[in-house]
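The values are calculated or read from the model by the stated rules, or taken from the named source; none is laboratory data. These figures come from a predicted structure and were not determined experimentally. Here the Cβ positions follow ideal geometry from the backbone for every residue, glycine too, while neighbour counts run over all protein chains shown.
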Amino acid sequence: MSNKSLSLDELVRANKDQFDRIFSHQMQQTNLQSGFEAIRSETGVAGETRPVVASASDSNIVNILNQQYGDDWSHELIEHTTTGNELRVVCRLQAGGITQTQSGTAQVSGNIGIAVQRATNNALAQCYAQIDTASSSTAKKQEPRSPVGDATPVRAAVPTAAMPLQTGRRARPGQPIDAVTLDLIENALRNARHEMDAVLFRSAMSPVIREQHDEFSMITDPKGRMIVGQFGSYVAEMLRENRFDLAPGDIILQSDPYQCGGAVSHINDWLVLIPIFHNDTLVGFSSMFGHMMDVGGPAAGSMPTTAQSIFGEGIRIPPIKIYDRGQLNQAALDLVLNNTRTPDMNYSDLMAIIAGSRTGEKRVIEICQRFGTETYFQACEELLLRTNRAMRQLIVQNLSTEPKSFEDYVDDDGCGNGPFKLKLTVWREGEDAYFDWTGTSDQAPGPINFYLHEGMFKMFIGVYMIMAFDPQILLNDGFYDLIHVKMPKGSVLQPEFPAALGCRTHALARQFDVLGGALSHNAPEMATAAGCGSSPHFLYSGVASDGAPFQLMEILYGGIPGRPLGDGIDGHSWWPLFENIPTEYLETYFPLVIESYTSICDSGGAGKHRGGNGVEKIYRILEPGEISIHDDRHQSHPWGILGGKPGACSAKWLVQGDGGRKPLPSKVDHVGVYPGDKIIFQTAGAGGWGDPLERDSEAVQKDVVRRLVTIEVAREAYGVVLDPATLQTETKETEALRQRIRSTRGVPTVFDFGKQVKGELGSMTS
């Protein structure tokens, strides 16, 4: 093997080749790989070469029809029946102005869908044979003669064995796209988005992207509307604020929230946008953004808890062409990398984001080549329209015409100010939904402001409603015209430049709790309780004894709320696609030891469905340095719903080498640490759902055995009596205790905000 280091493009190309080999093998195994029969060359009288014609077998019939008739063919499946293991279909084919109806058969061996496809292809091949015979007899009489001196006869275009699989067809002008083609394009786009993520994860260097997957991908149509993705589209705002002369090979880079309408909500997120061209036509955009480990500023990690403006957080990148018609803007790249403590890591991550975005670009071009640009545009419109229709129904079914309000709080801004209220009022008028943030606190002096992009918030609404009521709906921008959002300027959700934004994740996470509470009025039994309400960050940096600098940023997780379908998850991210950094990775690459990583017993709120527990992580420091902590819910509990109890608050301590124990605030920078010191990091739990006395006693007993709930809380909160020695349920004592608690406690409240550590923070109004 060569010792030469592979470039990023070579690595991406190698991964792609491997994917293609695996996919090709799988297709062959399922008999879905398209292939054409060998082309036969026939010799006529006196050595004259006859036209070469591909044999129309079942497997290649769609390709034959596309090649011969283009858009001028269609088919209809009239009926299908099954007798034993044999499937029979009746299919009608219209091609070249001729209609034929034939039956086709196939053996059912496992997948009925494959059998239907094979039987349909069999019927189409027979229809084609009849149409071809009729066409040939007509064409014989009208066959054009070759020019004098031209010995080459006229021959039809013939597909070759190298052509790819193509089971859908191009839409005919003025006709709706057929369901098969729409499904093919939809799933191709879904797969393209996931392939974008895979390329990034395999190429990035920083643990926050490579291991924790703090990145977001998207593919849009030419108007910038998201067809597949996560956060909703920001293309329109970017291009409205910054007019570019876009061309093939262009790649735009930016990180300034104030120049993209909050599309990225702090300067650590570097966003890449690629315009996609097919045959010189703009067909869409491919985009990704990911969290950079460091972008300058006074604190390692570039999220200082005491920042008073965005100027104190690091370098802001305005939208620039980092590639112009395929040429790298080296000067711009050098400038941004010169303003970070981790230039090598940032460079690797940026190139990985570009590679992932290029993957999306390539896949969209392939779809356009396969189906045609107009068919692709038609598919995009239909996918958007389908989501729109579904969301209309969800709005009418689940939102009240009477305005309903809910509020919750972020504890503080890290600069001694707070709490900060987030208030949301929700109602509908006809099929339109209205979300009004009037009553939200003014922007904070410190960096907990969350510049909420309107499209992003609409996507959050869609995620909540789709996941709660109909998870099969495709998540895209198609429903945006149904959602109307009001966000007061100068509020903590719409701060005015140059407000600091670095620690915005607390408000970002808290808005989900507020949104869920506001939407729960009409159907509280379908709502969740409150979660840990933050994105806890731990940062550790310094210079090791060997002179090598180090810098770690880790996102920790807390409790996920109890929900109608079951218990909340213990120690998980509020963003479901995030993953934890393995302990082995941390201890290999950074000077620390993870002494403990456990679920915090009793931190999840009691309920019929228990709230998820928070986690406790204990770091032992091996080299001198500084730490930063970003967290919330130190004061406000994650609330319970429908009788469920609130979850526990978060807490942090510094245990010094001499044994001294010092509590730490939830937001703090520049805490000096030395070898032997320990950081105890406890995240918040989540609220419980439903009456704890309705929880199955066996489930409570299992929680105690698994050390998720103590025997004392099992008795006090759930009314379940366990034998201290065997941990077995005392059935009679449990029934008696639960009856006694019911007779004395009163009626459970819809929301339980718990006893606040500081002030009365939670409330709901109507």
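Consider Ile466 against the criteria (1) touching an Asp or Glu at 6+ places or on another chain (Cβ under 7 Å); (2) more than 17 Å from Asp408 (Cβ to Cβ): it satisfies all of them except one. Which criterion is unmet?
Only one criterion is unmet by Ile466, namely (1).
Hey, could you check region 478-492 for residues that are surrounded by 24 or more Cβ atoms within 10 Å (Cβ to Cβ) and touching a Leu at 6+ places or on another chain (Cβ under 8 Å) and say which is nearest to Gly314 (Cα to Cα)? Even if it seems obvious, please write down each step before you answer.
Taking region 478-492 and keeping what is surrounded by 24 or more Cβ atoms within 10 Å (Cβ to Cβ), we get 478-479, 491-492.
When the remaining residues are screened for being touching a Leu at 6+ places or on another chain (Cβ under 8 Å), the result is 478, 492.
On the way: Gly478: 36, Val492: 21 Å.
Here the answer is Val492.
So Leu385 clears everything in (1) of a type in the set (A, V, I, L, M); (2) part of a helix (DSSP H, G or I); (3) touching an Asp or Glu at 6+ places or on another chain (Cβ under 7 Å) except one condition, right? Which one?
(3)
Looking only at region 523-565, filter to residues that are polar (S, T, N, Q) and surrounded by fewer than 23 Cβ atoms within 10 Å (Cβ to Cβ); which one of those is modelled with the lowest pLDDT?
Checking each candidate, the answer is Ser545.
Against the conditions (1) closer than 30 Å to His278 by Cα; (2) touching a Ser or Thr at 6+ places or on another chain (Cβ under 9 Å), where does Cys415 fall short? Just the number, please.
(1)
Filter region 388-426 down to the residues that are among the acidic types (Asp, Glu) and assigned to a loop (DSSP other than H, G, I, E, B) and list them by number.
Kept after step one, since they are among the acidic types (Asp, Glu), are these residues of region 388-426: 402, 407-408, 411-413.
Matches in region 388-426: Glu402, Asp411, Asp412, Asp413.
Taking the condition of being part of a loop (DSSP other than H, G, I, E, B) and not aromatic (Phe, Trp, Tyr), how many residues in region 532-574 meet it? It would help to see each step written out before you state the result.
To start, the set of residues in region 532-574 that are part of a loop (DSSP other than H, G, I, E, B) comprises 532-536, 544-548, 556-557, 559-562, 564-565, 567-571, 573-574.
Still in the list and also not aromatic (Phe, Trp, Tyr): 532-536, 544-548, 556, 559-562, 564-565, 567-571, 573.
Residues flagged as part of a loop (DSSP other than H, G, I, E, B) and not aromatic (Phe, Trp, Tyr) within region 532-574 amount to 23.
Somewhere in region 730-741, is a residue assigned to a loop (DSSP other than H, G, I, E, B) and outside the structural domain of Ile555 (by TED's automatic domain parsing)?
Start the filter on region 730-741 by keeping residues that are assigned to a loop (DSSP other than H, G, I, E, B), which leaves 730.
When the remaining residues are screened for being outside the structural domain of Ile555 (by TED's automatic domain parsing), the result is 730.
Within region 730-741, one or more residues are assigned to a loop (DSSP other than H, G, I, E, B) and outside the structural domain of Ile555 (by TED's automatic domain parsing).
Could you count how many residues in region 396-417 are buried (at least 24 other Cβ atoms within 10 Å of the Cβ), within 19 Å of Leu501 (Cα to Cα) and of a type outside the set (Ser, Thr, Tyr)?
Summing the residues that are buried (at least 24 other Cβ atoms within 10 Å of the Cβ), within 19 Å of Leu501 (Cα to Cα) and of a type outside the set (Ser, Thr, Tyr) in region 396-417 gives 4.
Against the conditions (1) under 23 Å from Ile560 (Cβ atoms); (2) without any contact (Cβ under 8 Å) to a residue 40 or more places away in the chain, where does Trp689 fall short? Just the number, please.
It is condition (2) that Trp689 fails.
Residue check: is Gly312 within 19 Å of Leu273 (Cβ to Cβ), out of contact with any Leu (no Cβ under 6 Å at 6 or more places or on another chain), surrounded by fewer than 21 Cβ atoms within 10 Å (Cβ to Cβ) and of a type in the set (Gly, Ala, Ser)? Quick ask: steps written out before the conclusion?
Numbers: within 19 Å of Leu273 (Cβ to Cβ): no; out of contact with any Leu (no Cβ under 6 Å at 6 or more places or on another chain): yes; surrounded by fewer than 21 Cβ atoms within 10 Å (Cβ to Cβ): yes; of a type in the set (Gly, Ala, Ser): yes.
Here the answer is no, as Gly312 does not meet what is asked.
Take the residues of region 214-271 that are β-branched (Val, Ile, Thr) and modelled with pLDDT of 90 or more: which is surrounded by the most Cβ atoms within 10 Å (Cβ to Cβ)? Walk me through how you get there before you give the answer.
Filtering region 214-271 down to residues β-branched (Val, Ile, Thr) leaves 219-220, 227-228, 235, 251-252, 264, 267.
With modelled with pLDDT of 90 or more added as a condition, the list becomes 219-220, 227-228, 251-252, 267.
On the way: Ile219: 26, Thr220: 27, Ile227: 29, Val228: 22, Ile251: 23, Ile252: 23, Ile267: 25.
In this case the residue turns out to be Ile227.
Looking at this structure, is Val709 in contact with an Asp or Glu (Cβ under 8 Å, 6 or more places away or on another chain) and assigned to a loop (DSSP other than H, G, I, E, B)? Break it down stepwise before answering.
Details: in contact with an Asp or Glu (Cβ under 8 Å, 6 or more places away or on another chain): yes; assigned to a loop (DSSP other than H, G, I, E, B): yes.
Here the answer is yes, as Val709 does meet what is asked.
Considering only residues that are within 36 Å of the chain's Cα centre (by Cα) and of a type in the set (A, V, I, L, M, F, W, C), look in region 694-742 and name the one that is surrounded by the fewest Cβ atoms within 10 Å (Cβ to Cβ).
Val705
I'd like to know if region 628-641 contains one or more residues that are within 23 Å of Gly301 (Cα to Cα), surrounded by fewer than 24 Cβ atoms within 10 Å (Cβ to Cβ), touching a His at 6+ places or on another chain (Cβ under 8 Å) and among the polar types (S, T, N, Q).
yes
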